[in-house]
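A.B. asks: Mind looking over this structure? Questions follow.
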Amino acid sequence: MNEEQLSKRLEKVASYITKNERIADIGSDHAYLPCFAIKNQTASFAIAGEVVDGPFQSAQKQVRSSGLTEQIDVRKGNGLAVIEKEDAIDTIVIAGMGGALIRTILEEGAAKLIGVTKLILQPNIAAWQLREWSEQNNWLITSEAILREDNKIYEIMVLEPSEESVSWTNQEIFFGPCLLQEQSAIFKSKWRHETNTWQNIIQTISNNQPISTENQAKIRELEHKIALVEDVLK
């Protein structure tokens, strides 16, 4: 993977960046995504944000070698702290982290979301955390994608601020409103696999008698999730 050829996952993320957007890529790693967006003229300006020194230096090196130092500013900082008002950022990308961490970044950087018109989020796990956040903060999920790469399944979502209150059902928060409606083959495969994993966990817990109060609660939680999936995939 490089700035010319992204991974399948990042290529899909990049596809949601449209003409002349000013983007901030949080947790940019090697800055491949902003370099790709600038070179393909979907972004006119980009911030590549990194909190860890190694990836920060890698991003700087990549931007220099790509000859894009005038259009991409590599900054070291925690989450949305790298964004300044005068940057006029309209699109924020956060990809390749856990849903809970992305949610924390959004919550801690809430003031930096003023004026932002699009969030492109790709959580590795716990995507429901971001759907729950979107409901609580009135961001509408306008598009979702699910794809498989290197035996891993990734979910991507695009959010836009809403002037009206946003409300999702429990199913929509758990599965994704757009993904739930589409129910692609990858979507079904993911949730069948998850169900099998949960059933195996329940069996393992049940084999260890007596079952503690904590494990009883865990079984009830997993049985609830299994019921949700079975209701959707029936």
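The values are calculated or read from the model by the stated rules, or taken from the named source; none is laboratory data. Predicted model, so just to flag it, every value in this text is computed and none were measured. Here the Cβ positions follow ideal geometry from the backbone for every residue, glycine too, while neighbour counts run over all protein chains shown. Accessible surface is based on the protein model in full, side chains and every heavy atom, while ligands, DNA and RNA are left aside. Shrake-Rupley method; radii C 1.70, N 1.55, O 1.52, S 1.80 Å.
A.B. asks: Hey, any hits in region 88-96 for a residue that's without any contact (Cβ under 8 Å) to a residue 40 or more places away in the chain and either assigned to a loop (DSSP other than H, G, I, E, B) or not β-branched (Val, Ile, Thr) (or both)?
C.D. replies: no
A.B. asks: Now a separate question. How many of the residues in region 119-136 are open to solvent by 40 Å² or more (accessible area, probe 1.4 Å) and either out of contact with any helix residue (DSSP H, G or I) (no Cβ under 6 Å at 6 or more places or on another chain) or more than 13 Å from Thr104 (Cα to Cα) (or both)?
C.D. replies: Count: 5.
A.B. asks: Of all residues in region 1-50, which are among the basic types (Lys, Arg), surrounded by 15 or more Cβ atoms within 10 Å (Cβ to Cβ) and more than 16 Å from the chain's Cα centre (by Cα)?
C.D. replies: Passing the criteria: Arg22, Lys39.
A.B. asks: Which one of these is assigned to a loop (DSSP other than H, G, I, E, B), closer than 25 Å to Glu11 by Cβ and touching a strand residue (DSSP E or B) at 6+ places or on another chain (Cβ under 6 Å): Val74, Val166, Val158, Val116?
C.D. replies: Val116
A.B. asks: Same structure again: Counting only residues that are over 21 Å from Glu221 (Cβ atoms) and of a type in the set (D, E, K, R), which one in region 162-186 is modelled with the highest pLDDT?
C.D. replies: Glu182
A.B. asks: Can Ile114 be described as farther than 29 Å from Arg192 by Cα and open to solvent by less than 30 Å² (accessible area, probe 1.4 Å)?
C.D. replies: No, not satisfied.
A.B. asks: On the given criteria, is Ala59 in contact with a Gly (Cβ under 9 Å, 6 or more places away or on another chain) and open to solvent by 40 Å² or more (accessible area, probe 1.4 Å)?
C.D. replies: no
A.B. asks: Looking at region 180-218 only, could you name the residues that are of a type in the set (Val, Ile, Thr) and over 18 Å from Glu230 (Cβ atoms)?
C.D. replies: Within region 180-218, Ile186, Thr204, Ile205, Ile211, Thr213 meet the criteria.
A.B. asks: Please state which of the following conditions Gly77 fails to meet, knowing it meets all the rest: (1) out of contact with any helix residue (DSSP H, G or I) (no Cβ under 6 Å at 6 or more places or on another chain); (2) buried (at least 20 other Cβ atoms within 10 Å of the Cβ); (3) of a type outside the set (A, V, I, L, M).
C.D. replies: (2)
A.B. asks: Let me ask something else about it. Determine which member of the set Leu68, Leu106 is open to solvent by less than 10 Å² (accessible area, probe 1.4 Å), at pLDDT 95 or above and in contact with a helix residue (DSSP H, G or I) (Cβ under 7 Å, 6 or more places away or on another chain).
C.D. replies: Sole residue among the options that is open to solvent by less than 10 Å² (accessible area, probe 1.4 Å), at pLDDT 95 or above and in contact with a helix residue (DSSP H, G or I) (Cβ under 7 Å, 6 or more places away or on another chain): Leu106.
A.B. asks: Being under 18 Å from Tyr16 (Cβ atoms) and either touching a residue at least 60 places away in the same chain (Cβ under 8 Å) or in a loop (DSSP other than H, G, I, E, B) (or both) is the requirement here; does Ile102 meet it?
C.D. replies: No; evaluated as a whole, the condition is false for this residue.
A.B. asks: Would you mention how many residues in region 7-37 are over 20 Å from Gly109 (Cα atoms), of a type outside the set (Phe, Trp, Tyr), in a loop (DSSP other than H, G, I, E, B) and touching a residue at least 24 places away in the same chain (Cβ under 8 Å)?
C.D. replies: 6
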